[in-house]
Amino acid sequence: MRCGLSPKMIDGGLNIISGLLALVSITATIASLIRWDDWWIRMFDFPRLQITFITLAAMAMLLVQFNHLVLWQGVLLGLLLISLGYQLLKIFPYTFLAKKQVLDYKGSEDKTLSLLISNVLTTNRKTNKVIQLVKENNPDILLTLETDSRWEKELEVLEEKYRYTVKVPLDNFYGMHLYSKLELKDMEVMFLISDDIPSIHGDVILNSGDKVEIHCLHPMPPSPTETDTSTDRDAELLVVGKSIDAEKGPVLVFGDLNDVAWSRTTKLFQELSGLLDPRIGRGFFNTFHAGFILFRWPLDHIFHSKDFMVKSIRRLRNIGSDHFPMHIVLHLEPRAKQVQEGPDEADQEEKERADEKIEKADPKQENID
């Protein structure tokens with residue numbers, strides 16, 4: 001008596017698996033094209049890398065059993081090719097194969113600015129890991145997110161070196177604390193969209209005397225546990241984007257934006273603000289989720305005006321949070337504005353779309369002075 005799978009059973013199994021994977025791939029691609037703000041639609045903006053691998057797996061299984069006489073296989077393979085092309089188009093700029101949007105800087109450090117951004121996770125008790133990371137990297141500016149009163153107390157040990165602070169302790173997972181060795185001026189805490197979602201705005205003075213406009217953000221993500229739509233998140237990004245005039249002087253926007261670099265909203269934010277993304281041509285720098293290697297995408301961002309160049313950019317080690325920290329060292333070089341190309345300027349239709357999104361969110365303050 002023989003036991004085992006017949007070739008027909010194997011082909012049948014491959015058909016089922018490849019069909020299911022293809023359904024996931026094609027559904028995710030179509031959903032991400034839809035402009036609805038519902039969280040269950042916008043969630044497909046995030047896992048572009050994962051969808052790409054699922055698409056490749058489905059195509060490989062389909063090709064193993066491909067028969068050009070079977071119509072459905074040909075149709076399915078064509079749809080998968082379209083899905084793959086679309087996903088690759090979105091993620092390609094964040095591979096090392098793409099041209100860098102921001103040039104490397106290798107000169108002196110007289111006009112450098114280093115930032116460390118860390119969503120610490122409110123319930124994370126490993127505060128010593130954060131403190132040690134700050135001491136090792138010695139950033140000029142530290143932005144912590146999801147920090148409450150307990151975290152504020154634990155991080156007081158940093159204040160001997162970081163004399164300038166802006167503290168917004170909250171127990172709703174949206175607290176934020178800004179620590180700086182450099183002088184902070186005209187700092188203001190704003191609640192742009194919601195009464196319990198703060199953001200920090202103002203200026204930092206470099207050792208060279210140059211003034212840099214900064215915006216620290218942590219908008220609410222679209223999810224079944226947070227908010228049903230991405231409207232508030234999108235509006236906060238777009239309100240800040242509209243307020244920025246990158247031609248007037250150096251600007252930085254950084255934080256956990258709860259959006260991915262390749263999303264339609266982030267692209268519109270860049271077009272409105274004129275800011276650059278230092279990850280383009282360098283890598284994904286996936287910061288979330290730190291605990292699940294198969295489910296990671298870039299949520300923590302640094303955008304800057306064209307007069308900055310990149311000295312280094314790194315994703316740092318796990319500090320017990322669900323986010324990895326990010327560290328970047330920038331150099332202020334006004335001449336870089338002449339050679340670094342920014343994003344295309346938003347056309348009238350895109351500007352109207354941004355205004356509609358902002359109006360729908362009913363912001364408390366549309367303009368940031």
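So the values come out like this:
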| item | result |
| --- | --- |
| Meets criteria (at pLDDT 95 or above and either touching a Gly at 6+ places or on another chain (Cβ under 8 Å) or within 15 Å of residue 104 (Cα to Cα) (or both)) for residue 313 | yes |
| Residue list for segment 231-254, restricted to those being surrounded by fewer than 19 Cβ atoms within 10 Å (Cβ to Cβ) and of a type in the set (D, E, K, R) | 245, 247, 248 |
| Some residue of segment 159-174 being open to solvent by less than 10 Å² (accessible area, probe 1.4 Å), in contact (Cβ under 8 Å) with a residue 12 or more places away in the chain, in a strand (DSSP E or B) and among the aliphatic types (A, V, I, L, M) | no |
| Residue within segment 283-304 that is basic (Lys, Arg), touching a Lys or Arg at 6+ places or on another chain (Cβ under 9 Å) and either part of a strand (DSSP E or B) or open to solvent by 30 Å² or more (accessible area, probe 1.4 Å) (or both) present | no |
| Enumeration of residues in segment 255-275 that are open to solvent by 10 Å² or more (accessible area, probe 1.4 Å) and not charged (D, E, K, R) | 258, 265, 268, 272, 274 |
| Of residues in segment 283-314 being among the β-branched types (Val, Ile, Thr) and closer than 16 Å to residue 327 by Cβ, the one farthest from the chain's Cα centre (by Cα) | 310 |
| Qualifying residue in segment 132-152 (condition: open to solvent by 20 Å² or more (accessible area, probe 1.4 Å) and β-branched (Val, Ile, Thr)) | no |
| Residue list for segment 266-282, filter: in contact (Cβ under 8 Å) with a residue 40 or more places away in the chain and not in a loop (DSSP other than H, G, I, E, B) | 267, 268, 270, 271, 272, 276 |
| Pick from segment 100-114, criterion in a loop (DSSP other than H, G, I, E, B) and among the small types (Gly, Ala, Ser), ranking: surrounded by the fewest Cβ atoms within 10 Å (Cβ to Cβ) | 108 |
| Any hit, segment 311-323, residues being touching a residue at least 40 places away in the same chain (Cβ under 8 Å), within 23 Å of residue 101 (Cα to Cα) and acidic (Asp, Glu) | no |
| Members of segment 315-327 found to be among the charged types (D, E, K, R) and over 14 Å from the mean Cα position of the chain (by Cα), listed by number | 317, 322 |
| Filter result (open to solvent by 10 Å² or more (accessible area, probe 1.4 Å) and either farther than 24 Å from residue 328 by Cβ or in a strand (DSSP E or B) (or both)) within segment 208-230 | 211, 213, 220, 222, 223, 224, 225, 226, 227, 228, 229 |
| Residue 82 surrounded by fewer than 17 Cβ atoms within 10 Å (Cβ to Cβ), farther than 19 Å from residue 277 by Cα and of a type in the set (A, V, I, L, M, F, W, C) | yes |
| Boolean, residue 110 is of a type in the set (Asp, Glu), out of contact with any Asp or Glu (no Cβ under 8 Å at 6 or more places or on another chain) and in contact (Cβ under 8 Å) with a residue 40 or more places away in the chain | yes |
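Here is a yes/no grid of residues against (1) surrounded by 17 or more Cβ atoms within 10 Å (Cβ to Cβ); (2) modelled with pLDDT of 95 or more; (3) of a type in the set (S, T, N, Q):
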| position | (1), (2), (3) |
| --- | --- |
| 3 | no, no, no |
| 12 | no, no, no |
| 32 | yes, no, yes |
| 35 | no, no, no |
| 62 | yes, no, no |
| 66 | no, no, no |
| 94 | yes, yes, no |
| 116 | yes, yes, no |
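The values are calculated or read from the model by the stated rules, or taken from the named source; none is laboratory data. Quick caveat: nothing in here was measured; it's all calculated off a predicted structure. Reconstructed Cβ throughout: ideal geometry from the backbone, glycine too, with neighbour counts over all protein chains shown. Keep in mind that these areas ignore ligands, DNA and RNA; they rest on the heavy atoms of the full protein, side chains included. Shrake-Rupley method; radii C 1.70, N 1.55, O 1.52, S 1.80 Å.
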